[in-house]
Amino acid sequence: MNKVVESDVLASSPRLRQFLTYVVEETLSGHGDEIRGKAIAVEVYGRRLDGDGGGLGLVRVEAGRLRRLLREYYEGEGAGDDIRILIPTGGYKPTLTAVHAPLTLPEESGPQTTEPGHKHSGSRKWMVALGALFVALIASVFFATDLRPALTQNATDNNSAKLAALRERSMPSVQATNLAEQTRGMFFPLFDLKRQEIALTAFRHAIDLDPDLPSGYAGAAQILALLAYLSDDATRASELLAEASSMAESALERGPTDGWAKATMGWTLAVSGDTEAALRRARIAVDLSPEDGHVLDLVGITAIISNDPILAAEVSDPERPRLGSGRFGANSIWGTSQLMLQNYPACIEAFSMAAERGLPVSAPSLMMLATAQHENGEHAAARRAIDEMHRTWSGFPAKKVASRFFEHAPETLSSVIETLETYGSNL
């Protein structure tokens, strides 16, 4: 279990590491048949079960994510493991399996058949079963020898010394930190306003859980500044930006060397139009958190609207080491930076391959893809991208969005507007 939770696959998912640790330990202590979604919701996610089923729904979704990440782990860095932990669908009790054959995960197993000539298949199954029992017995012996505290510490807090310190402070502090960490990755895609409102509610709850931590304020500030940036109502935008600035200041007061807090202040300043101060804060944030995926994304979008494509490219470079959230945002920032730098082939590659890499495709990404294709002489492809944008997002205000995002980059804005007009976009 330690090997799995310390893997790169689970590095950015502290709650899934806790989820796996909890169900494995409960199983090894003889309570596997008693594992229920309600217990996981309370013990792992700190949810209060009020009868609305929200906590149980979260556990089901998270269990699905954990199953997928376990598959990814055993197909990659854990391919050589002799013992594998699986969580069959329909429940949360894990199985420990001694591997004697290529892995078939329970959720994809079909009816088993015995082929002619495999007369020893029955004995082989018994060997596998006995091997799994032997593994479980060994594990239970270790579990009974006072190694459980060390196991729990290593598994749940491997990369979370901060959480260990917060646990000494209070459990609400741990809950607030985990909630903010999980929610901050919802910042992208930027134009999903319903998603942003949900995230804002979560960050406000993190502040309620522990008002002395910076993360809830940093998260709330980044959302409020974005909502201000996208608002058509000048009065409302001013109110949102004022609250965002207050939240960002609160984050920095509580975490003056916190990279996320510093990046949020940079983003808020960029939205307010103070691009020089914004970029200064953004560069400090990178120095403080050079591999934090979310901080890098926040710096990247700050650099784009402040017309610093070189910084945007630096923090979103596909070769740059990054931890945690940020895969979708990084690809979009990289593609946009390449458009601004007039490196059209790189921009085309970033946006045209997004779907194949499992990344969402958005109206802005199609708009920028079409612009790069138009500038690169690929006119038929540009028309297809614009047509797809209109077909899928019929009301997307392309010109307004372009004018806002490239307000300080007139040359890029001119290219985008020309592309939209060439291929018939009046929005």
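The values are calculated or read from the model by the stated rules, or taken from the named source; none is laboratory data. Treat the numbers as computed from the prediction; the structure is a model and nothing was measured. Cβ placement follows ideal geometry from the backbone for every residue including glycine, while neighbour counts extend to all protein chains displayed. Remember, those area values only see protein heavy atoms, side chains included, never the ligands or the DNA or RNA. Shrake-Rupley method; radii C 1.70, N 1.55, O 1.52, S 1.80 Å.
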Legend entry - Solvent-accessible ranking of His374, His390, largest area first, probe 1.4 Å: His390, His374
Inset, instruction - Over region 187-235, with every protein chain in place, what whole percent of the accessible area is carbon and sulfur at 1.4 Å, could you tell me? - result: 55
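If I compute solvent accessible area with a 1.4 Å probe over the protein chains, what percent of it on region 293-427 is carbon and sulfur?
Details: 2900 of 5580 Å².
Here carbon and sulfur together make up 52 percent of the probe-accessible area.
Express the accessible area of region 192-258 per residue in Å², computed with a 1.4 Å probe while the remaining protein chains stay in the model.
Details: 3020 Å² over 67 residues.
Accessible area per residue, region 192-258: 45 Å².
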Inset, instruction - Express in nm, to one decimal, how much length is gained between Asp212 and Ser170 on full extension, taking 0.36 nm for each residue of separation and deducting their alpha carbon distance. - result: 13.9 nm
Inset, instruction - Convert each backbone phi in region 26-32 into a coupling constant with the Karplus relation 6.51 cos²θ - 1.76 cosθ + 1.60 (shift: θ = phi - 60°), then list the ³J(HN,Hα) values in order as whole Hz, x for Gly and Pro. - result: 4, 5, 5, 8, x, 10, x
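How large is Rg/Rh for region 210-355, to two decimals, with Cα atoms and a Kirkwood Rh?
The Rg/Rh ratio comes out at 0.99.
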Legend entry - Accessible-area value, Tyr344, 1.4 Å probe, nucleic acids and ligands omitted, Å²: 30
Legend entry - Area of Leu193 that stays accessible when all protein chains are in place (1.4 Å probe, Å², to 10): 80
Legend entry - Euclidean distance between Cα centres, region 361-389 to region 176-229, Å: 32
Legend entry - Cα→Cβ-extended label distance, 7 Å offset, between Asp233 and Arg204, nm: 1.5
Inset, instruction - Please work out how much length the chain gains when fully extended from Asp387 to Glu253, using 0.36 nm per residue of separation minus the C-alpha to C-alpha distance, in nm with one decimal. - result: 43.5 nm
Inset, instruction - Describe numerically, in nm with one decimal, the distance between label points set 7 Å from Cα along Cα→Cβ at Arg280 and at Arg36. - result: 5.8
Legend entry - Partner aspartates and glutamates for Lys38 [C-alpha distance under 19 Å; skip if fewer than 8 residues away on the same chain]: Glu25, Glu26, Asp50, Asp52, Glu62
Inset, instruction - Just list whichever of Lys194/Lys399; Lys93/Lys194; Lys194/Lys400; Lys262/Lys399 have alpha carbons separated by over 24 Å in the model shown. - result: Lys93/Lys194; Lys262/Lys399
Inset, instruction - Could you state how much accessible area Trp393 has, in square angstrom rounded to the nearest 10, with a 1.4 Å probe and all protein chains kept in place? - result: 90
Legend entry - Nitroxide proxy distance, nm - points 7 Å out along Cα→Cβ at Arg195 and His408: 2.5
Inset, instruction - Quick one: give the max-minus-min coordinate of the C-alpha atoms of region 374-427 along each principal axis, largest first, in Å. - result: 28, 27, 13
